[in-house]
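Engineer: First the structure, then my questions, so here it is.
Just so it is clear, none of the values below were taken in a lab; they were calculated from the coordinates. Source: prediction; values computed, not measured. No Cβ is skipped: glycine too gets one built from the backbone with ideal geometry, and neighbour counts run over all protein chains shown.
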Amino acid sequence: MIAEHPVVSGDISLAELRSMPLPRGVLVCPPDSFDVVDVKNPFMVGQQGRVNTRLAREQWLEVTRAFERCGSDVRELPAVAGCEDMVFCANPAFSGLNGIGRRVCVLSHMRYPSRQPEVAVHAAWYRANGFRLVELPGDSLFEGSGDALWHPGRRLIWGGWGHRTAEDVYDFIAGIFDAPVVPLELKTELFYHLDTCFCPLDEETVLVYPPALTREGMENVCRIFPRVIEADRREAEELMACNAAAFPGGLVVIQRGSVKVNRSLRELGFQVIEVDTSEFMKSGGSVFCMKMYLF
Ligand code: ARG
């Protein structure tokens, strides 16, 4: 049995987890100030000054239209000048429903100073939109839903840690949301956020790149998800295939050209919407991190 709100490893099963509604919307931010100005992750090496701003804008519109086609209520946060990574809405906070169904938002402690100003902008949006805002105690790092991911339809949080998030934040997160957390250590430099290598698609299915996780982590993933789709190295590294976004009804928005992953998704009955995020991958992000799920 699951104790009150522990950080767990192992002994839980889908059947004993409480249910949780699926997200109804997404928060996005246009790429008005998007650029690669420094190197915060290995994808950014050699990409400084190489963003095609016009193409980025077109690609962002294609991605947000795809979210709309998935039936998602798309909410827009205006970009702030000088915040070059603000298009990656997943990172400055982690939001969801607590145990009594209240909307809660935990604010991030971003690792890089250039991203820290994004947090106050998100905080103001969440406050104005009916969320209870929560500050993390202490100064451990936490990068929101880049690392903390809800299990679709269940009150369970998958908690990535190692590069941008410290493992010790998850006791607090579990308590705030009244949901157990399964921590997943990120082993490699390249897969620096959990959402770069792990994508829950529905209650029973996950898309994952196993070499980015530890053996214990993969065991926990396979114990809880009855269906596991494994991305291969090329699609995970070059196309960020695991940074896809799933929507109710089996819809998945994913980088175009992830041929093997997309074939597996279609075989399992998912409807795949392919988009091009090449400009954003220069900064180490694709579909998943270009939005925050809203419950
Ligand atoms: N350049 C951004 C950074 O390194 C990319 C963030 C991508 N977000 C994500 N959730 N993977 O901070």
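Engineer: Quick query: amide H of Leu136 versus all other amide H atoms, modeled in the peptide plane; which residues come in under 5 Å with a sequence gap of 5 or more or a different chain?
Structural biologist: Leu107
Engineer: Here is a follow-up. Identify the residues of region 21-58 with backbone N under 20 Å of a label point that sits 7 angstrom from the Cα of Arg233 along the Cα-to-Cβ direction, or state none.
Structural biologist: Residues passing the 20 Å test: 42-45.
Engineer: Rounded, prolate or oblate: pick one for region 45-170, where a ≥ b ≥ c are the square roots of the eigenvalues of its C-alpha gyration tensor, a/c under 1.5 means rounded, and failing that, prolate if a/b is larger than b/c, else oblate.
Structural biologist: Oblate shape, in that a/c is at least 1.5 and b/c is the bigger or equal ratio.
Engineer: Before anything else, pin down the relative contact order of region 47-157: Cα pairs under 8 Å, at least 6 apart, normalised by residue count, whole percent.
Structural biologist: 23
Engineer: If you don't mind, there's one more thing I want to ask. In the chain, what percentage of the DSSP-assigned beta bridges are antiparallel, given to the nearest 5?
Structural biologist: Restricted to the chain, the bridges split so that about 50 percent are antiparallel.
Engineer: Using just the Cα positions, wrap region 189-295 in a convex hull and report its mean projected area in square nanometres, one decimal place.
Structural biologist: 6.5
Engineer: Can you compute the charge dipole magnitude of region 145-295 about its Cα centre, using +1 on each Lys and Arg Cβ and -1 on each Asp and Glu Cβ, nothing else charged? Give it in debye, rounded to the nearest 20.
Structural biologist: 340
Engineer: For Lys40, which aspartates and glutamates qualify as cross-link partners when the Cα separation must be under 18 Å and same-chain residues fewer than eight apart are set aside?
Structural biologist: Hits, sequence-local ones excluded: Glu84, Asp85, Glu118, Glu143, Asp147, Glu189, Asp195, Glu237, Glu238, Glu279.
Engineer: Where Lys and Arg each count +1 and Asp and Glu each count -1, what net charge lies around Arg54 among other residues with Cβ under 14 Å from its Cβ?
Structural biologist: Net charge around Arg54: -4.
Engineer: Put +1 on the Cβ of every Lys and Arg and -1 on every Asp and Glu Cβ in region 22-83; which of Met44, Gly71, Ala56 then has its Cα farthest towards the positive end of the dipole?
Structural biologist: The Cα lying farthest towards the positive end belongs to Gly71.
Engineer: Among residues other than Arg65 whose Cβ falls under 15 Å from its Cβ, what is the net charge (Lys/Arg +1, Asp/Glu -1)?
Structural biologist: -2
Engineer: Using the Cα centre of the chain as the reference point, and only Cβ charges (+1 on K/R, -1 on D/E), how large is the resulting charge dipole? Debye, rounded to the nearest 20.
Structural biologist: The calculation lands at about 600 debye.
Engineer: Can you give me the convex hull volume of the Cα atoms of the chain, divided per residue and expressed in Å³?
Structural biologist: 110
Engineer: Once you have all Cα-Cα distances for region 38-105, histogram them in 10 Å bins from zero and send the whole-percent values.
Structural biologist: In order of increasing distance, the bins hold 14, 38, 33, 13, 2 percent.
Engineer: Just want the answer: with Cβ charges of +1 for Lys and Arg and -1 for Asp and Glu, which residue in Gly159, Ser95, Pro137 is farthest toward the dipole's positive end in region 86-173?
Structural biologist: Toward the positive end, the furthest listed residue is Ser95.
Engineer: Write down Rg/Rh for region 125-196, rounded to two decimals, with Rg from the C-alpha atoms and Rh from the Kirkwood relation over Cα pairs.
Structural biologist: The Rg/Rh ratio comes out at 0.97.
Engineer: Sticking with this one: What percent does the relative contact order of the chain come to when contacts are Cα pairs within less than 8 Å and at least six residues apart?
Structural biologist: 24
Engineer: Run the numbers on region 1-113 and let me know its relative contact order in percent, using alpha-carbon pairs under 8 Å that are six or more apart.
Structural biologist: With pairs under 8 Å counted, the relative contact order is 29 percent.
Engineer: Let me ask another. Summing +1 for each Lys or Arg and -1 for each Asp or Glu, what net charge is found among the other residues whose Cβ lies under 13 Å from the Cβ of Asn220?
Structural biologist: -2
Engineer: Between region 236-254 and region 106-123, what is the C-alpha centre distance in whole Å?
Structural biologist: Going from one Cα centre to the other spans 25 Å.
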